[in-house]
Amino acid sequence: MDAIAFASAPNPSHAPFTSASSSGAHRFSVRDPWRRRWRLPLPALRSQRLEPASASHHDVVVVGAGIIGLSIARHLLLHTPLSVAVADAGVPCTGATGAGQGYLWMSHRTPGSDTWELAVRSKQLWEELAAEVDGLGGGGARERLGWMRTGSLLVGRTSEEMATLEERTKALSQAGIRAEYLSAASLHALEPELYVGHDGGAMFLPEDCQIDAYQAVSLIEKTNGSYSSEGRYMELYNDPAVSLVRSETTGTVEAVQTSKHILYGRKAIVIASGAWTRTLLHSFLEPNPILDIPVMPRKGHLLVLEKFDKLKLNHGLMELGYVGHQVAKSNSTLLPSESSEDEHGALSISMTATLNTKGNLILGSSREFKGFSREVDKSILKCIWDRAAEFFPTLKNVHLDINENTEIRIGHRPYMPDGKPVIGSVPDLPNVLIATGHEGSGLALALGTAEMVTDMILGNPGKVDFSPFSIKDRFSG
């Protein structure tokens, strides 16, 4: 039977959806980065000033109010005496930040890789924040961060995948991460509704966690806002940056021009605009191949089923294919492949599943290059559901109407071809820093990135090596 009933809707990119059903409006919402923000091609103003505009002076100006930009502001406010202004074309959680699953996982990390130490450090900082919030009472980290120590299960179904998982378990254990290799029988004891066949199993990381992006951002915004009364913090939402202002005498960048303000940054300007960073840089600066940072929007769909009680999960789950991707055509034909999708829109689907603190089932995930398209693709949602049903046979008997009690999350991950973020100063403009390209790991790497950017601004040696993330010599040619 067809497990999903896809009701028609006149415009699938806006919420709430309606259908011809006699029940009228349905609880089908789309969490979409365009609902409360506008992004138009920015004029190539570069050093031009727009008038009129009010001016304000700060130590650091951050362009971008996603989890990266807000975390940078938070770290600066907590650990330095510097003042910070944050500007964004929209509001927080309307980009990639609000469209994810909230995993703080190490299971899909590789010890010794360029991002390993950053991931370890960032996970440690999230743990410290959760412990601090727990110490304040009032519901603790679960209530205020959506914090859950679910543990993660990276699942395989073939002997080849199990060999990979066994090697990965050994590597993570040797790197100091608590990791267990589980046979099919042991896995069944942890997740009775999960089916992996006789040859399957999993790697289990009991210390992995998850958070809710909206709750985490709300907590960070509250922390940042507490410094406003001291004159150390300003946030400017729905106020897009349109140019950088250069000194007429030295040529150095001294301010960010937004649609309404000129924000002077005495020590640093930080561009943390996710998938939009490349567009902004092209608008801000004269064409320069060194600064053509190839960050691209990688669109993703997640299916959220509110208070779903047809499936019981005890942990967060991810198929090994999330690491090595499963390539699929939009007609739902799954084609196993070790390579990720090309730049012409090919789609990958990998099973991820978790329950959040509200009892909502979150299923994913898709990855594709579709520019900044925000349209809901129901064939992708069906792929996600069908893929999940391969691992959870119970779902094959569930009739699901996506127009009922369902939320679709759509976001644009900031993808980098070499698989690691860009964090560092712009060549020849040392007071302009970039922090982007975290793709699906923005939440997980946010606090470590914020600490790194703060150390760069202060000229301190970092707790994590800066060099793998620098711009210099990375994109030439």
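The values are calculated or read from the model by the stated rules, or taken from the named source; none is laboratory data. Given the structure is predicted, the values throughout are model-derived calculations rather than measurements. So basically every Cβ, Gly included, is an ideal-geometry build from the backbone, and we count neighbours across all protein chains shown. To get the accessible areas, we keep the full protein, side chains included, count just its heavy atoms, and leave off ligands, DNA and RNA. Shrake-Rupley method; radii C 1.70, N 1.55, O 1.52, S 1.80 Å.
The table for this structure:
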read-out: Amide N of segment 136-163 lying under 16 Å from the label point, which is placed 7 angstrom from the Cα of residue 78 along Cα→Cβ; value: 136-137, 140-142, 144-147
read-out: GluC sites (Glu not before Pro) lying in DSSP loop within segment 394-477, provided at most 10 other Cβ fall within 10 Å; value: none
read-out: Where GluC sites (Glu not before Pro) fall in DSSP loop in segment 163-264, at most 14 other Cβ within 10 Å; value: 248
read-out: Calculated FRET value between residue 170 and residue 55, using beta carbons and R₀ = 60 Å, to 0.05; value: 0.55
read-out: 19 Å cut-off, amide nitrogen to a point 7 angstrom out along residue 230 Cα→Cβ, residues in segment 60-102; value: 60-62, 70-86
read-out: Distance between modelled label sites at residue 223 and residue 307, nm, 7 Å Cα→Cβ extension; value: 3.2 nm
read-out: Potential extension, residue 237-residue 124 segment - 0.36 nm per residue separation minus Cα distance; value: 37.7 nm
read-out: Förster radius 41 Å - calculated FRET efficiency between residue 131 and residue 185 (Cβ-Cβ, nearest 0.05); value: 0.70
read-out: Violating pairs (Cα-Cα greater than 32 angstrom) within the set 123/307; 123/472; 299/396; 123/299; 170/472; value: 170/472
read-out: Protein accessible area in segment 123-180, 1.4 Å probe - carbon and sulfur %; value: 46 percent
read-out: Projected label distance in nm at residue 314 and residue 470, using a 7 Å step from Cα toward the beta-carbon; value: 4.8 nm
read-out: Integer Hz, Karplus 6.51/-1.76/1.60 couplings in order for segment 92-104, x for Gly and Pro; value: x, 6, 10, x, 5, 3, x, 10, x, 9, x, 6, 10
read-out: Fraction of accessible area attributable to carbon and sulfur, segment 404-459 (%, probe 1.4 Å); value: 43 percent
read-out: Per residue accessible area of segment 391-477, 1.4 Å probe, in Å²; value: 36 Å²
read-out: Sum of side-chain charges, residue 155 neighbourhood, beta-carbon under 10 Å (Lys, Arg +1; Asp, Glu -1); value: -2
read-out: Fraction of accessible area attributable to carbon and sulfur, segment 192-308 (%, probe 1.4 Å); value: 52 percent
read-out: Partners for residue 382 among aspartates and glutamates (Cα-Cα distance below 18 Å; same-chain residues under 8 apart left out); value: 2, 306, 319, 368, 390, 401, 404, 407
read-out: Cα radius of gyration and Dmax for segment 398-456 (Å); value: 17.4, 59
read-out: Sparse-neighbourhood loop sites, trypsin sites (Lys or Arg not before Pro) in segment 353-445 - DSSP loop, at most 13 other Cβ within 10 angstrom; value: 358
read-out: Overall form of segment 179-271 per C-alpha gyration tensor (a/c, 1.5; a/b vs b/c); value: prolate
read-out: Nonlocal amide H pairs with residue 403, under 5 Å, H built at 1.01 Å; value: 7
read-out: Point-to-point label distance, residue 460-residue 159, nm (Cα→Cβ direction, 7 Å offset); value: 5.3 nm
read-out: Reachable lysines from residue 260, criterion Cα separation under 28 angstrom, eight or more residues apart if same chain; value: 222
read-out: Accessible area in square angstrom per residue, segment 141-254, 1.4 angstrom probe; value: 46 Å²
